[in-house]
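A short worksheet on the structure shown next.
The values are calculated or read from the model by the stated rules, or taken from the named source; none is laboratory data. Computed from a prediction, not measured in an experiment: that's the story for all the values here. Every residue, glycine as well, gets a Cβ built from its backbone with ideal geometry; the counts of neighbours run over all protein chains shown. Calculation scope for accessible area: heavy atoms of the full protein, side chains included, ligands and nucleic acids excluded. Shrake-Rupley method; radii C 1.70, N 1.55, O 1.52, S 1.80 Å.
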Amino acid sequence: MDDVSRKRADLESCPPGSNGRDVALFNLAVALRNRFKEGEKFGDLDEAITLLRDVLQLRPSGHHDRSSSLYELALCLSNRYNSQSTVADLEEAVTLGRAALELHPPGHPDRAVSLHNLACDLRKRFQKHARMDDLKEAIELHHAALDLRLSGHPDRSSSLHGLAFCFSNRYDSQKAVADLEQAVTLGRAAVELRLPGHPDRAVSLYNLACDLRKRFQKHARMYDLKEAIELHRAALELRPPGHPRRSSSLHGLARCLSDKYDSQGLVADLEEAVALGRATLEFRLPGHPHRAVSLHSLACDLRKRFQKHAWMDDLKEAIELHRAALDLRPSGHPDRSSSFHGLAFCFSNRYDGQKAVADLEQAVTLGRAAVELRLPGHPDRAASLYNLACDLRKRFQNDARMYDLKEAIELHRAALELRPPGHPQRSSSLHGLARCLSDKYDSQ
């Protein structure tokens, strides 16, 4: 007899109105949540939530065990939000988490865990709505929990991990390098406490790898990328086939290897990135929330391989994958511009190889759409301005329409302003603008 069956039998011996029924309901709910964590049977979590609502009815305001009921119900709702993304569950989890924290004042033995869980739910809400107040409060709560979990405390690594996650999220939004450095420092501290055999070691390895990749993207220090690759490989070993987070590790490792190829040009890195990207996509079937980003990333790597080997099958597949990603990124989606940009790049490459004017027209149309979405201040605006300028110059070379060349010059100048001295792509903008001005001289 498993734990759920035992707890269900206990509940049957405590009919409505009997003493101890609230305890039996609570214990069965906890057993169901634990079983959900093992197998993600949504019926278990739904039943646990129903039972805990009944428990709260039996533990009104002032009851000595009300706080534990609030805490457990908040945890179940947060778990269900993780699986189903129903915002109402997250909102209720935050509300219940605040109520539990009020019943766990300073000095209460469960205050730290209430601070931690509420912080985690506020960070989730930040990820959903991008309200900085939620992230700011989450950081404050994680700090407060960490202060209560001194060196040697069994849950100290959870606070370090949660705090690192928050600083990483804030870096993504505000690009303050100090936040990224904090994330890396805290992430390392979490990994040091989550030794081999710790159940959460993989997630700490993965998150630290992601932050090191971000730091590589900022500073281009190869040792950060090398370490990120090592950490992703270590996390992947802890996430064998069938693990619910395996696709994240496959994707993260693929992105790092793709970055390494961009920096060093080793074909083996690109080949592995493509293989890992395909493996990721096999896990992220239609309906998966991260399918679009996997389609997009694999398409980009296939286009890189086309540029290396000129295999048209790679470019054809890249176009198909970019179209599939674009279909999953409707108007208003924050990554729609990336799909426009990637698809424009592919059509431009195909035009270079086959000289079909229709491909160039597609590239220009898609490039314009990308620029329209990447308004001033967007981090990738310069790349889209540059690429559209290049395609307009190609069209000028084909049709000799001066307005295309004039616009290409304007776009190159705009891109150059966004690439000041020291920018790694400044030389490309200088060269592109020079070629356009030379063409203009030849024409006039």
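Check off (1) touching a Lys or Arg at 6+ places or on another chain (Cβ under 8 Å); (2) within 26 Å of Ser294 (Cβ to Cβ); (3) open to solvent by 60 Å² or more (accessible area, probe 1.4 Å) for Arg221 and give me the number that stays unchecked.
Answer for Arg221: the failing condition is (2).
Among the residues of segment 408-422, how many are farther than 18 Å from Gly367 by Cα and either touching a helix residue (DSSP H, G or I) at 6+ places or on another chain (Cβ under 8 Å) or assigned to a helix (DSSP H, G or I) (or both)?
Counting residues in segment 408-422 that are farther than 18 Å from Gly367 by Cα and either touching a helix residue (DSSP H, G or I) at 6+ places or on another chain (Cβ under 8 Å) or assigned to a helix (DSSP H, G or I) (or both) gives 3.
Hey, can you tell me all the residues within segment 209-225 that are within 18 Å of Arg246 (Cβ to Cβ) and among the aliphatic types (A, V, I, L, M)? Please lay out each step first, then the result.
Initial filter on segment 209-225 (within 18 Å of Arg246 (Cβ to Cβ)): 209-210.
Residue satisfying the conditions is Ala209 alone.
Given the criteria under 27 Å from Ala310 (Cβ atoms) and in a helix (DSSP H, G or I), does Arg393 qualify? Please lay out each step first, then the result.
Working: under 27 Å from Ala310 (Cβ atoms): yes; in a helix (DSSP H, G or I): yes.
In short, yes.
Yes or no: segment 245-257 includes at least one residue that is charged (D, E, K, R), assigned to a helix (DSSP H, G or I) and surrounded by 20 or more Cβ atoms within 10 Å (Cβ to Cβ).
yes
Out of all the residues in segment 413-429, is one or more touching a residue at least 40 places away in the same chain (Cβ under 8 Å) and of a type in the set (A, V, I, L, M)?
Among the residues of segment 413-429, not one is touching a residue at least 40 places away in the same chain (Cβ under 8 Å) and of a type in the set (A, V, I, L, M), which makes the answer no.
Among what's in segment 45-64 and is in contact (Cβ under 8 Å) with a residue 24 or more places away in the chain and not β-branched (Val, Ile, Thr), pick the residue that is nearest to Gly17 (Cα to Cα).
Leu58
Determine which member of the set Arg80, Arg98 is open to solvent by 10 Å² or more (accessible area, probe 1.4 Å), out of contact with any His (no Cβ under 6 Å at 6 or more places or on another chain), closer than 18 Å to Ala48 by Cα and in contact (Cβ under 8 Å) with a residue 12 or more places away in the chain.
Exactly one residue qualifies, and that residue is Arg80.
Given the conditions (1) in contact (Cβ under 8 Å) with a residue 40 or more places away in the chain; (2) open to solvent by 30 Å² or more (accessible area, probe 1.4 Å); (3) over 23 Å from Asn398 (Cβ atoms), and given that Leu285 satisfies all but one, which numbered condition is not satisfied?
Among (1) in contact (Cβ under 8 Å) with a residue 40 or more places away in the chain; (2) open to solvent by 30 Å² or more (accessible area, probe 1.4 Å); (3) over 23 Å from Asn398 (Cβ atoms), the lone unmet condition for Leu285 is (1).
Would you be able to say whether some residue in segment 262-270 is out of contact with any strand residue (DSSP E or B) (no Cβ under 9 Å at 6 or more places or on another chain), polar (S, T, N, Q) and either buried (at least 20 other Cβ atoms within 10 Å of the Cβ) or under 27 Å from Arg156 (Cα atoms) (or both)?
Taking segment 262-270 as the starting set, the residues that turn out to be out of contact with any strand residue (DSSP E or B) (no Cβ under 9 Å at 6 or more places or on another chain) are 262-270.
From what's left, polar (S, T, N, Q): 263-264.
Then drop every residue that is not either buried (at least 20 other Cβ atoms within 10 Å of the Cβ) or under 27 Å from Arg156 (Cα atoms) (or both), which leaves none.
Looking through segment 262-270, none of the residues is out of contact with any strand residue (DSSP E or B) (no Cβ under 9 Å at 6 or more places or on another chain), polar (S, T, N, Q) and either buried (at least 20 other Cβ atoms within 10 Å of the Cβ) or under 27 Å from Arg156 (Cα atoms) (or both).
May I ask you to list the residues in segment 16-46 that are among the polar types (S, T, N, Q), over 31 Å from the mean Cα position of the chain (by Cα) and part of a helix (DSSP H, G or I)? Break it down stepwise before answering.
Taking segment 16-46 and keeping what is among the polar types (S, T, N, Q), we get 18-19, 27, 34.
Then keep just the ones that are over 31 Å from the mean Cα position of the chain (by Cα); that gives 18-19, 27.
The one that is among the polar types (S, T, N, Q), over 31 Å from the mean Cα position of the chain (by Cα) and part of a helix (DSSP H, G or I): Asn27.
Residues are listed down the side, and each one gets a yes or a no for (1) within 28 Å of Leu302 (Cα to Cα); (2) surrounded by 15 or more Cβ atoms within 10 Å (Cβ to Cβ):
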residue	(1), (2)
Asn169	no, yes
Asp172	yes, no
Lys175	no, no
Ala189	no, yes
Gly197	no, no
Arg201	no, yes
Arg213	yes, yes
Pro241	yes, no
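If I go through segment 47-67 residue by residue, how many of them are in a helix (DSSP H, G or I) and open to solvent by less than 40 Å² (accessible area, probe 1.4 Å)?
Going through segment 47-67 one residue at a time, the tally reaches 7.
Can you confirm whether Asp110 is open to solvent by 60 Å² or more (accessible area, probe 1.4 Å), in contact (Cβ under 8 Å) with a residue 24 or more places away in the chain and not aliphatic (A, V, I, L, M)?
Numbers: open to solvent by 60 Å² or more (accessible area, probe 1.4 Å): yes; in contact (Cβ under 8 Å) with a residue 24 or more places away in the chain: yes; not aliphatic (A, V, I, L, M): yes.
Answer is yes for this residue.
For segment 142-167, how many residues are open to solvent by less than 20 Å² (accessible area, probe 1.4 Å) and either outside any loop (DSSP other than H, G, I, E, B) or of a type in the set (S, T, N, Q) (or both)? First the steps, then the outcome.
In the first step, residues of segment 142-167 are kept if they are open to solvent by less than 20 Å² (accessible area, probe 1.4 Å); the result is 142, 145, 149, 157, 159-160, 162-164, 166-167.
Those still in the list that are either outside any loop (DSSP other than H, G, I, E, B) or of a type in the set (S, T, N, Q) (or both) too: 142, 145, 157, 159-160, 162-164, 166-167.
Residues in segment 142-167 being open to solvent by less than 20 Å² (accessible area, probe 1.4 Å) and either outside any loop (DSSP other than H, G, I, E, B) or of a type in the set (S, T, N, Q) (or both): 10 in total.
Please go through (1) part of a loop (DSSP other than H, G, I, E, B); (2) under 22 Å from Gln307 (Cα atoms) for Gln362 and return the number of the only condition it doesn't satisfy.
So the condition that Gln362 fails would be (1).
In segment 393-424, what residues are within 22 Å of Leu375 (Cβ to Cβ) and either in contact with a strand residue (DSSP E or B) (Cβ under 6 Å, 6 or more places away or on another chain) or modelled with pLDDT under 95 (or both)?
Across segment 393-424, the qualifying residue is only His423.
Considering only residues that are in a helix (DSSP H, G or I) and either surrounded by fewer than 24 Cβ atoms within 10 Å (Cβ to Cβ) or touching a Cys at 6+ places or on another chain (Cβ under 6 Å) (or both), which ones fall in segment 298-315?
Within segment 298-315, Cys300, Arg303, Lys304, Arg305, Phe306, Gln307, Lys308, His309, Met312, Asp313, Asp314, Leu315 meet the criteria.
For residues that are of a type in the set (A, V, I, L, M) and open to solvent by 80 Å² or more (accessible area, probe 1.4 Å), scanning just segment 418-444, find the one that is nearest to the chain's Cα centre (by Cα).
Leu418
Given the conditions (1) more than 19 Å from the chain's Cα centre (by Cα); (2) among the hydrophobic types (A, V, I, L, M, F, W, C); (3) buried (at least 20 other Cβ atoms within 10 Å of the Cβ), and given that Leu180 satisfies all but one, which numbered condition is not satisfied?
Failing condition for Leu180: (1).
Sort through Ala382, Ala408, Ala358, Ala318 and tell me the only one that's open to solvent by less than 20 Å² (accessible area, probe 1.4 Å), farther than 24 Å from Arg278 by Cα and without any contact (Cβ under 8 Å) to a residue 40 or more places away in the chain.
Answer to the selection: Ala408.
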